[in-house]
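Taken together, the values in this text are just the output of simple stated rules run on the coordinates, not laboratory data. Values in this document were obtained by computation on a predicted structure and should not be read as measured data. Counting neighbours? That spans all protein chains shown, and the Cβs are built from the backbone with ideal geometry, glycine included.
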Amino acid sequence: FYEDQILFYMKNFAKEFANDLVNLFFPLQCLGCNSPLLPDEKNICVHCQLQLPFTYFHLDENNPMTQKLNALLKIEATTSLCYFEKNSVFEQLIYQLKYGGQEQLGAYFGSLMGELLLALKEFKNVEAVIPVPLHPRRKRKRGYNQVSLFGKTIAKHLDVPFIEGLLLRTENTKQLAKTTDDRNAVLKNAFELGTKNSNPKHWLLVDDVITTGATLDACGSLLLKNPENQLSIATIGYRI
C-alpha cells in the first residue's frame with residue numbers, strides 16, 4: 001500500500017517537474033498579445049481579457065444586431081459578445097480560433113456567453129443550440145468547426161442539447177463569390193436541412209462573427225420553414 005502511494009506521488013512530482021521545465025524554456029504565450037502567461041493564466045492573459053470590447057447587447061432588446069436581423073428574419077432574441085474591430089486583441093483571438101488551431105478558445109467564449117444567457121429571460125426557453133455549419137472541404141482542412149465548441153459550451157450551461165448535422169453547408173461561397181454581392185446571392189442557396197423530421201423547437205443559432213447577417217439569414221430561414229419553430233441568435237463577435 002505504502003509503496004503504491006510513494007510511486008503515485010513520485011509520478012505526479014515527475015510530471016509537474018517536467019511541465020515546469022518545459023514552461024521555463026518554452027513559456028506558454030497569450031493568444032492575444034503573445035506575452036508569456038503567468039502560472040494562473042490560461043490561453044489569454046489578464047491584460048487582454050480586460051481589453052475585450054464587450055457589446056452589452058443583452059442589456060438592450062433593440063440592440064443593433066436585433067435591428068439588423070429583424071429586417072431579415074423573425075427573431076426572438078439576439079446577442080453578441082464583443083465588437084469586432086480591426087487590429088484589436090479580439091480580432092487576433094478570432095484569427096487564432098479560426099486559423100491558428102486554437103479550438104479551445106471556443107470554450108472560453110462559450111463559457112462567457114453561457115453565463116450571460118443564463119441570466120436573460122429572453123433565452124430561458126431555448127430548447128437546442130445549433131451551429132452555422134462549415135463546408136466539408138473547409139472543415140477537413142481546418143480540422144474542426146470554429147463555432148462547435150462555442151455552441152457545445154453554451155448548450156452545457158443552458159442544459160439543452162447541442163445538435164450538429166441538421167444544417168448542412170453545400171456550397172463553398174469563398175470559391176464561388178468574387179464580390180460581397182455575389183457572396184450574399186450564393187449564400188441564399190449555400191445551406192440545406194439534413195432532415196425535415198426535427199421536432200419544433202426554440203433554436204439558438206450560433207456563429208463566430210456577424211457582418212451583414214446574410215449567413216445567419218440563410219441558416220435561420222431554413223430553421224423557420226417549420227412555422228412552429230422559434231429562433232434566437234448568439235455570436236462571438238459583431239463587426240462594426
- Do any trypsin sites (Lys or Arg not before Pro) in segment 98-155 lie in a loop, going by DSSP, with at most 16 other beta-carbon atoms within 10 Å of their beta carbon, and if so which? Lys124
- Item | Cut-off 16 Å, label 7 Å out along Cα→Cβ of Asn70, residues of segment 212-240 by amide N | 231-233
- Message: Quick check: from the Cα gyration tensor, does segment 73-139 come out rounded (a/c under 1.5), prolate or oblate?
- Response: prolate
- Would you mind calculating the gained length between Phe54 and Glu228 on full extension (0.36 nm times residue separation, minus the Cα-Cα distance), in nm to one decimal? 59.4 nm
- Cα-based Rg (one decimal) and Dmax (whole number) for segment 101-240, in Å? 14.6, 42
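Taking loop as defined by DSSP and a crowding limit of 14 other beta carbons within 10 Å, which GluC sites (Glu not before Pro) in segment 60-91 fit?
Of the GluC sites (Glu not before Pro), the ones in loops of segment 60-91 whose Cβ has at most 14 other Cβ atoms within 10 Å are Glu61, Glu85.
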- Task: Kindly provide the Kirkwood hydrodynamic radius of segment 116-178 in Å, to one decimal, from all pairs of distinct alpha carbon atoms.
- Result: 13.2 Å
